[in-house]
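A quick write-up on the structure given underneath.
The values are calculated or read from the model by the stated rules, or taken from the named source; none is laboratory data. Note that the structure is a prediction, hence the values are computed from the model and not measured. Neighbour counts run over all protein chains shown; Cβ positions are idealised from the backbone, glycine included.
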Amino acid sequence: MNDSGVREVDVVVIGAGQAGLSAAYHLRRAGFAPGSGFVVLDHAPRPGGAWQFRWPSLTYGKVHGMHALPGMDLRDADPERPSSEVIAAYFAAYESAFDLRVRRPVDVLAVREDAGGRLRVETSAGVWSARALINATGTWDRPFWPRYPGQETFRGRQLHTAQYPGPEEFAGQRVIVVGGGASGTQHLMEIAPYAAATTWVTRRPPVFRDVPFTEELGRAAVALVDERVRRGLPPRSVVSVTGLPLNDAIRQALAEGVLDRRPMFDRITETGVEWEDGQRVDADVILWATGFRAAIGHLAPLRLREPGGGIRVEGTRAAADPRVHLVGYGPSASTIGANRAGRAAVRDIRRLLAAEPAAAA
């Protein structure tokens, strides 16, 4: 800590989800000491990243594509146990096993230029000065709420996937689910047995994938997302370019009419929604399964955004500032992608700091 009370480290990691913990692990392996060489700041109250906030009915057995963190497998997890509990316990054990010393809860308010070519990280727990930054804040804290005419007049309840409590709460209610991604279909299939009626509404017709999701298809999907962030456009999810897997549960829901999709409505009324041709559906609840956006507002003072609205990223490095790396962003917004991104970011940061020793002054 310097005379002004600012704590100096080589690297600040913001976020302790999959991407942040992966980055911290690789920093440790690269010789950076926790506390002095790097610090991990997490605004969540406890370990688990965004997983700790998932609804109880999302059991571990329903989770697709959860990859273990580097250096420590996730073994013998009960598939019937809520994923929020399983993964939170695993993350907590991981932080302890590798002595990552995550500081929480800490809200990062802004990242700015600092003296000597360093970055000033202003938080609810004080200020850190760093030579490099790994941003791993994900998207959970920034749910996307579309706006439609009349939305404020609706007398029922509106909530987002981020607030989804589980299906029992919708017993006997008429529910409109908006969104064509995995969350929307999962919500519908869970809610339908409890609700008086469900209606599925999406902006675009859903695309179901009736072929195995091979490594080749995965690489192609990631490449499409990567191409967007290289152009400085806001990233889309990998699911948005892969489509939805046509598994047995989806097939059954299609056959039963649960996944009978309707096009997007034009307005919201006091009692439901309405289309331009006069069709209407009354509802007690509108559930917005409309996804999330990258939580990167604290980086605004660095002026990293491109005219297209996103941060142009090359690998994990912000094109406008090689000191800043974004992991779990765009093409690395998956558990396996986050693992690889954490390793890549640390490799680049080691090169950067080795080439610029004066930055530590």
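When the test is whether a residue is touching a strand residue (DSSP E or B) at 6+ places or on another chain (Cβ under 6 Å) and closer than 24 Å to G138 by Cβ, I296 does not pass it.
Note on the range 126-140: residues that are of a type in the set (V, I, T), over 8 Å from the mean Cα position of the chain (by Cα) and closer than 18 Å to I311 by Cα total 1. Would you confirm whether any residue within the range 299-311 is farther than 30 Å from K62 by Cβ, modelled with pLDDT of 95 or more and under 19 Å from the mean Cα position of the chain (by Cα)? Checked the range 299-311: at least one residue is farther than 30 Å from K62 by Cβ, modelled with pLDDT of 95 or more and under 19 Å from the mean Cα position of the chain (by Cα). Only residues that are surrounded by 18 or more Cβ atoms within 10 Å (Cβ to Cβ) and free of Cβ contacts under 8 Å to residues at least 60 places away in the same chain were counted in the range 44-58, giving 5. Considering the range 61-78, the residues that are modelled with pLDDT of 90 or more and either in contact with a strand residue (DSSP E or B) (Cβ under 9 Å, 6 or more places away or on another chain) or not hydrophobic (A, V, I, L, M, F, W, C) (or both) include one that is farthest from A19 (Cα to Cα), namely D78. Criterion applied to A68, A19, A77 was being buried (at least 20 other Cβ atoms within 10 Å of the Cβ), in contact with a helix residue (DSSP H, G or I) (Cβ under 9 Å, 6 or more places away or on another chain) and not basic (K, R), and the one residue passing it is A19. Against the definition (without any contact (Cβ under 8 Å) to a residue 60 or more places away in the chain and on the phi < 0 side of the Ramachandran plot), how does D78 come out, yes or no? So D78 fits the description; yes.
Scan the range 101-121 for residues that are within 14 Å of V13 (Cβ to Cβ) and in contact with a strand residue (DSSP E or B) (Cβ under 6 Å, 6 or more places away or on another chain) and the total you get is 8.
Got at least one residue in the range 78-95 being in the same structural domain as D321 (by TED's automatic domain parsing), of a type in the set (A, V, I, L, M) and in a loop (DSSP other than H, G, I, E, B)? No. The set of residues in the range 17-42 being free of Cβ contacts under 8 Å to residues at least 12 places away in the same chain and of a type in the set (A, V, I, L, M, F, W, C) consists of A33 alone.
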